[in-house]
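Student: I have a structure I would like to understand better, so I am pasting it below and will then ask my questions one at a time.
The values are calculated or read from the model by the stated rules, or taken from the named source; none is laboratory data. Fair warning: this is a prediction, and the values are worked out from it, not measured in the lab. Here the Cβ positions follow ideal geometry from the backbone for every residue, glycine too, while neighbour counts run over all protein chains shown. The accessibility values were calculated without ligands, DNA or RNA, using every heavy atom of the protein model including side chains. Shrake-Rupley method; radii C 1.70, N 1.55, O 1.52, S 1.80 Å.
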Amino acid sequence: MISNQILQNTIDGLKGITRTDLCVIDVEGNILAATFPEADKFVVPAQEFVGSPADSQVVAGCQFFKVFDEHQLEYILLAYGDTEDVYMIGKMAVFQIQNLLVAYKERFDKDNFIKNLILDNLLLVDIYNRAKKLHIETEVRRVVFLVETNREKDGNELEKIRGLFGGKSKDFVTAVDEKDIIVVKELGENETYEDLKRTADVIINLFRSDKSCNTHIAYGTIVGELKEVSRSYKEARMALDVGKIFFEDQDVIAYSQLGIGRLIYQLPIPLCKMFIREIFGDKSPDDFDEELLSTINKFFENNLNVSETSRQLYIHRNTLVYRLDKLQKSTGLDLRVFEDAITFKIALMVVKYMKYMESLDY
């Protein structure tokens with residue numbers, strides 16, 4: 001179905017060319033788009049016209065036209081005026097809207113195919129049969145971008161992203177639920193992951209000016225066959241979720257950069273709790289004071305380099321050594337030893353993951 005916004009843009013454009021006011025009303029009598037404020041007074045005549053056998057007629061100085069979608073009455077179009085020129089303008093508007101219906105129906109069929117493809121709702125034979133009917137190539141490089149905003153779709157975000165890709169028939173932009181927009185992008189032979197990052201940045205820049213719209217983008221790995229698109233989607237989905245836990249300061253995240261966070265995200269919570277108990281006993285990293293935690297994080301950032309960490313924290317080297325010794329006495333882990341540092345780093349990430357999962361339960 002064509003959105004009201006598209007209908008409004010269409011008749012606004014036609015009015016700008018022809019200087020004739022237009023209005024689109026559905027068969028239930030709802031005004032979907034109009035270029036003049038008095039359109040309400042034509043609702044009743046439009047509803048009466050629905051039952052008329054005529055495809056067009058003049059009522060109250062206004063041309064009425066029926067807009068069909070494969071013999072199904074879809075809209076009533078009004079062209080303000082009763083001259084021959086207005087009649088011709090009305091017929092042109094009907095032609096334009098009917099072409100839009102055909103184009104949107106074709107896109108809707110492809111949208112349904114892509115949705116079922118990424119959700120694994122199609123058998124392998126169905127994928128190739130339907131792709132052939134819809135003229136979709138099966139063996140080209142593609143990647144899935146997942147765009148999440150903090151508000152329900154009103155059509156605006158979807159149309160913004162579709163506008164960015166210029167209506168290219170080889171790229172697919174659709175919404176699988178109320179929060180997320182999916183972009184299945186076809187890639188050239190020479191496009192790399194650096195190009196994907198640039199594409200993601202371009203998408204997110206569409207929404208940066210809107211402070212009320214908190215947007216995150218994730219993307220999966222490049223796949224070479226249509227049947228593998230669902231895998232790229234699942235990777236993008238995981239990247240979006242894992243990014244919120246371990247990369248909360250980033251609004252663009254790639255599946256390939258998740259690292260060990262990808263493994264931790266798939267651990268069952270009971271196993272995580274057992275791991276934390278084995279390392280810290282009854283304690284938790286949350287029990288450490290903020291000063292010690294910031295020291296530990298800075299120590300990790302500087303690859304366990306004592307001198308560089310103390311310099312960046314503006315503390316004496318001996319002060320840093322004292323804090324590390326204090327942590328060793330408390331936990332039995334010496335962060336200057338690589339194996340102990342890895343264990344502690346993983347423990348911090350596990351605790352972060354557990355807290356995030358607990359927040360989802362509330």
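For (1) touching a residue at least 24 places away in the same chain (Cβ under 8 Å); (2) in contact with a Phe, Trp or Tyr (Cβ under 7 Å, 6 or more places away or on another chain); (3) more than 21 Å from Glu194 (Cα to Cα), each residue gets a yes or a no:
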residue: Met238; (1), (2), (3): yes, yes, no
residue: Val242; (1), (2), (3): no, yes, no
residue: Glu278; (1), (2), (3): no, no, yes
residue: Thr295; (1), (2), (3): yes, no, yes
residue: Phe300; (1), (2), (3): yes, no, yes
residue: Asn305; (1), (2), (3): no, no, yes
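Student: If a residue must be in a helix (DSSP H, G or I), aromatic (Phe, Trp, Tyr) and over 17 Å from Glu278 (Cβ atoms), how many such residues does the stretch 324-362 contain? Reasoning before the result, please.
Tutor: Narrowing the stretch 324-362 to residues in a helix (DSSP H, G or I): 324-331, 338-361.
Retained after the next criterion (residues that are aromatic (Phe, Trp, Tyr)): 338, 344, 353, 356.
Going one step further and asking which of them are over 17 Å from Glu278 (Cβ atoms), we end up with 338, 356.
The total comes to 2.
Student: Follow-up. Being aliphatic (A, V, I, L, M) and not in a loop (DSSP other than H, G, I, E, B), is that true of even one residue in the stretch 311-319? Give the steps one after another, and end with the answer.
Tutor: Going residue by residue through the stretch 311-319, those that are aliphatic (A, V, I, L, M) are 313, 315.
With the extra rule that they be not in a loop (DSSP other than H, G, I, E, B), the set shrinks to 313.
Yes: one or more hits.
Student: Also, quick follow-up: Look at Glu301 and say whether it is out of contact with any helix residue (DSSP H, G or I) (no Cβ under 9 Å at 6 or more places or on another chain) and open to solvent by 70 Å² or more (accessible area, probe 1.4 Å).
Tutor: no
Student: With among the small types (Gly, Ala, Ser), at pLDDT below 85 and more than 43 Å from the chain's Cα centre (by Cα) as the only criterion, which of Ser330, Ser284 stands out?
Tutor: Ser330
Student: Under 6 Å by Cβ, and 6 or more places apart or on different chains, what pairs join a residue from the stretch 104-121 that is modelled with pLDDT of 80 or more with one that is among the basic types (Lys, Arg) and open to solvent by 30 Å² or more (accessible area, probe 1.4 Å)?
Tutor: From the stretch 104-121, the pairs are Phe113/Arg130.
Student: Could I ask something else about it? Looking at Lys153 and the list (1) at pLDDT below 85; (2) closer than 22 Å to Gly220 by Cα, which single condition is not satisfied?
Tutor: (2)
Student: Just to be sure before I move on: is Glu339 modelled with pLDDT of 90 or more, over 17 Å from Ser284 (Cα atoms) and acidic (Asp, Glu) in the structure I sent?
Tutor: Yes: the conditions hold for Glu339.
Student: Output the residue which, of all residues in the stretch 133-145 that are over 23 Å from the mean Cα position of the chain (by Cα) and under 14 Å from Glu225 (Cα atoms), is most open to solvent (accessible area, probe 1.4 Å).
Tutor: Glu139
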